[in-house]
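Peer 1: Submitted below is the structure of interest, expressed as structure tokens.
The values are calculated or read from the model by the stated rules, or taken from the named source; none is laboratory data. Computed from a prediction, not measured in an experiment: that's the story for all the values here. Cβ placement follows ideal geometry from the backbone for every residue including glycine, while neighbour counts extend to all protein chains displayed. Remember, those area values only see protein heavy atoms, side chains included, never the ligands or the DNA or RNA. Shrake-Rupley method; radii C 1.70, N 1.55, O 1.52, S 1.80 Å.
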Amino acid sequence: MSNACCELIVGGQKSGKSRRGEQLAAAWLTQSPAHRAVLIATARAHDDEMRARIDRHRSDRAARVPAMATVEEPIALAQAIRQHGSAQTLVLVDCLTLWLTNLLMPVNGPTDAMPSVDAAVSDLLDAIKESAGPLVLVGNEIGLGVIPLGREVRAFVDALGRLNQEVAGACDRVTMMVAGLPLTLKEPE
């Protein structure tokens, strides 16, 4: 992965997206002692199952990429990318789907402090374009199944599809994970 390469990794649940992002971070760290890696985690622990899931991810990540720092940022993603990114630092964002969920369905309801989804996505796209170092973004592809019956679920699937398209357009490389295998959808020109 070159210094300024941005990659979007999409796939279904348990397709190997996070593991692929961690592999890229681990490879980056081995290239130079000056390299750093930072994970920006967007998940929020709303219930016991999600807390256990987050704890398992932390433990697994620490075993696979012990030198990678973790920053938790569920809303201000573009700001976190700008703050932690540099030419020598690979930033791994996991995941865009939970970030969008946090914006569209805040746990305590919408507040005036919450950015609009359009403004947050625009800021994210700017942060991707401004990235001085490698940036890996992980997100779910959920639009391959049946059309959901509920209006809110259809709206979320549509919003995520638009987000994935816009981020893919801003990234140099796009990879789709299927059964743990990477399928290259877009390569740097």
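Peer 1: Would you mind checking which residues have amide H under 5 Å from THR89's amide H? H placed 1.01 Å from N; only 5 or more apart, or other chain.
Peer 2: ARG36
Peer 1: Now for a different question. Taking R0 as 25 Å, what FRET efficiency do you get between ALA76 and ALA132 from their Cβ-Cβ distance, rounded to the nearest 0.05?
Peer 2: Working: r = 19 Å, r/R0 = 0.75.
The pair ALA76/ALA132 has a calculated efficiency of 0.85.
Peer 1: What helices does the chain hold that run 20 Å or longer along their axis, going by alpha-carbon atoms, with a Kyte-Doolittle average of -0.5 or more, using DSSP H for the helix calls?
Peer 2: 151-170
Peer 1: Please work out the average accessible area per residue across segment 79-147, using the 1.4 Å probe convention, and give it in Å². Don't skip to the answer; put the middle values down first.
Peer 2: Numbers: 3320 Å² over 69 residues.
For segment 79-147, the per-residue accessible area is 48 Å².
Peer 1: A further question follows. Remind me, what semi-axes does segment 107-160 give for its equivalent ellipsoid, largest first in whole Å, using sqrt of 5 times each Cα gyration tensor eigenvalue?
Peer 2: Gyration-tensor ellipsoid for segment 107-160: 25, 19, 9 Å.
Peer 1: Please give the contour-minus-distance gain from ALA155 to ALA179: 0.36 nm per residue of separation, less the Cα-Cα distance, rounded to one decimal in nm.
Peer 2: Numbers: separation 24, 0.36 × 24 = 8.64 nm, distance 2.71 nm.
Length gained, ALA155 through ALA179: 5.9 nm.
Peer 1: For ARG51 and LEU104, calculate 0.36 nm times their separation in residues minus their Cα-Cα distance, and state this gained length in nm to one decimal.
Peer 2: Values: separation 53, 0.36 × 53 = 19.08 nm, distance 2.06 nm.
The span from ARG51 to LEU104 would gain 17.0 nm if fully extended.
Peer 1: With +1 on the Cβ of every Lys and Arg and -1 on the Cβ of every Asp and Glu, and nothing else charged, how large is the dipole of segment 1-135 about its Cα centre, in debye rounded to the nearest 20?
Peer 2: On the way: 14 positive and 15 negative charges, 118 e Å.
Charge dipole, segment 1-135, about its Cα centre: 560 debye, nearest 20.
Peer 1: Sorted from largest down, give the three principal axis spans of the alpha carbons of segment 74-184, whole angstrom values.
Peer 2: Per principal axis, max minus min of the Cα coordinates gives 45, 40, 20 Å.
Peer 1: Residues in segment 131-150, backbone N under 18 Å from the label point at ALA34 (7 Å along the Cα-to-beta-carbon vector): list them, ranges by number please.
Peer 2: 132-135
Peer 1: Is the C-alpha gyration tensor of segment 123-189 telling us rounded, prolate or oblate? Criteria: a/c under 1.5 is rounded; beyond that, a/b larger than b/c is prolate, otherwise oblate. Please list the in-between numbers first.
Peer 2: Values: a/c = 2.89, a/b = 1.48, b/c = 1.95.
Oblate, since a/c reaches 1.5 and b/c is not below a/b.
Peer 1: Give me, ordered by chain and number, the residues 5 or more places off LEU137 or on other chains with an amide H under 5 Å from its own placed amide H.
Peer 2: The answer is GLU7, LEU8, ILE9, VAL93.
Peer 1: Further question: Of all the accessible heavy-atom surface of the chain, with the other protein chains kept in place and a 1.4 Å probe, what percent is carbon and sulfur?
Peer 2: On the way: 5320 of 9930 Å².
After summing per-atom areas, the C and S share lands at 54 percent.
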